[in-house]
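In what follows, a structure is listed as structure tokens, so that the remarks can point back to it.
The values are calculated or read from the model by the stated rules, or taken from the named source; none is laboratory data. Note that this is a predicted model, so its numbers are computed, not measured. Counting neighbours? That spans all protein chains shown, and the Cβs are built from the backbone with ideal geometry, glycine included.
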Amino acid sequence: MKSMKSIVFGSIYIIISIIFTGCATSGYKTFYKQYGTNEQLQQVKLNSNYKFLEKGEEPQVYSTNNFDIDSKKLRARGYVPIGASSFNGVYENTKNAINQAKRIGATLVLINSSYTNTETRTSTLLLPDNKTTYSSGRSNTNATYNSNNGYNGYGNANTNYYGSSTTYGTKAVPYTTNTRMYNQSAMYFIKNIKKLKFGVGCSDISREKRIELGSRGVIINLIYENTPIYNSDILEGDIVIKMNGTNIKNYQEFNKILQNFDTSKDCIWTIIRNNTKKDIKINFKKGGQTPIRE
């Protein structure tokens, strides 16, 4: 049988655990933010080009020290981010991030955690303080008597008694806890298996850059692995100003040209790299998988 002391301190531990962990709600779930609207996500789910986690499958889990670099590498391999979690709190098991990935159907989760500080908290618990007093004793009674007939007599009675009384109250128990806190983040991905013509991500150049170059164009900021662009002499940071001699005004126009281009024809991109203009032929013969839409 456990001693009263061990029971009391066990109760204190349970109460403190409840105070600092709450109902054990996962931060990966509570602080999850979805990318895009529900309608957009639903459209993605209906698109067979995107692979979500299926029932019974386990997501891939990778740790990172740099989300910008590693998420970009994953995007280049065909992974599309659909949401992220970020919070500061008591360290959580990786299993919580995996469970959140399963809830949203992510096939891969990228996680990071780093120690920030130790929080010291002092408080007081009010615990029951019931006191019971026990008492016992013995009572003796002696008696003599005379009768009218001249009979004399003597009597004796002995009684044992036991009793108890309980006083109900509370007592204050001070306690101090040291809790290590961590910044914890996760990014969730699905897989895009669509095969595309080029495999490139780009955006408009700034007004200042247009003035500097004296030309409009788009800048290459992502090249997807095993694609025509990946297998050509195009690099991230290149600025595309022409395609087969046609000037490129902006990203929207360039994207439309890429979508409608006939890959049976030659394709020459005129780019600016390190302030030098050059023409590069796109290699469609080593197409491969291109993992994300242009």
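If the condition is being assigned to a loop (DSSP other than H, G, I, E, B) and under 25 Å from the mean Cα position of the chain (by Cα), then region 167-192 contributes no residue at all.
Residues in region 197-209 that are aliphatic (A, V, I, L, M) and out of contact with any Gly (no Cβ under 9 Å at 6 or more places or on another chain): Val200 alone. Taking helices (runs of 4 or more DSSP H) as the structural unit, no element lying wholly within region 1-96 holds at least 1 residues that are modelled with pLDDT under 95 and on the phi > 0 side of the Ramachandran plot. Residues in region 157-192 that are modelled with pLDDT of 90 or more and surrounded by fewer than 16 Cβ atoms within 10 Å (Cβ to Cβ): Asn178, Thr179, Arg180, Met181, Asn183.
Let's see how each residue does on (1) more than 15 Å from the chain's Cα centre (by Cα); (2) closer than 23 Å to Asn117 by Cβ; (3) acidic (Asp, Glu):
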{"residue": "Glu39", "(1), (2), (3)": "yes, no, yes"}
{"residue": "Lys45", "(1), (2), (3)": "yes, no, no"}
{"residue": "Glu54", "(1), (2), (3)": "yes, no, yes"}
{"residue": "Ile82", "(1), (2), (3)": "no, no, no"}
{"residue": "Asn96", "(1), (2), (3)": "no, yes, no"}
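For the structure I just gave you, tell me whether Tyr115 is over 21 Å from Lys191 (Cα atoms), aromatic (Phe, Trp, Tyr) and in contact with a strand residue (DSSP E or B) (Cβ under 6 Å, 6 or more places away or on another chain). It is true that Tyr115 is over 21 Å from Lys191 (Cα atoms), aromatic (Phe, Trp, Tyr) and in contact with a strand residue (DSSP E or B) (Cβ under 6 Å, 6 or more places away or on another chain). Only one of the listed residues (Ile282, Ile211) is hydrophobic (A, V, I, L, M, F, W, C) and free of Cβ contacts under 8 Å to residues at least 12 places away in the same chain. That residue is Ile211. Which pairs do you get when a residue that is of a type in the set (Lys, Arg), found in region 245-270, comes within reach of a residue that is modelled with pLDDT of 90 or more, reach meaning Cβ atoms under 7 angstrom, with the pair 6+ apart or on two chains? Filtered contacts from region 245-270: Lys249/Arg216. For region 60-78, check the following and say yes or no: at least one residue is surrounded by fewer than 15 Cβ atoms within 10 Å (Cβ to Cβ) and touching a helix residue (DSSP H, G or I) at 6+ places or on another chain (Cβ under 7 Å). No, there is no match, as no residue in region 60-78 is surrounded by fewer than 15 Cβ atoms within 10 Å (Cβ to Cβ) and touching a helix residue (DSSP H, G or I) at 6+ places or on another chain (Cβ under 7 Å). When you look at Ala101, is it surrounded by 11 or more Cβ atoms within 10 Å (Cβ to Cβ) and assigned to a strand (DSSP E or B), yes or no? Against the criterion (surrounded by 11 or more Cβ atoms within 10 Å (Cβ to Cβ) and assigned to a strand (DSSP E or B)), Ala101 does not qualify. Being among the charged types (D, E, K, R) and either modelled with pLDDT under 85 or under 38 Å from the mean Cα position of the chain (by Cα) (or both) is true for just one of Glu212, Glu208, Glu225. Which residue is that? Answer to the selection: Glu225.
Note on region 109-156: residues that are modelled with pLDDT of 80 or more, farther than 30 Å from Asn93 by Cα and among the charged types (D, E, K, R) amount to 2.
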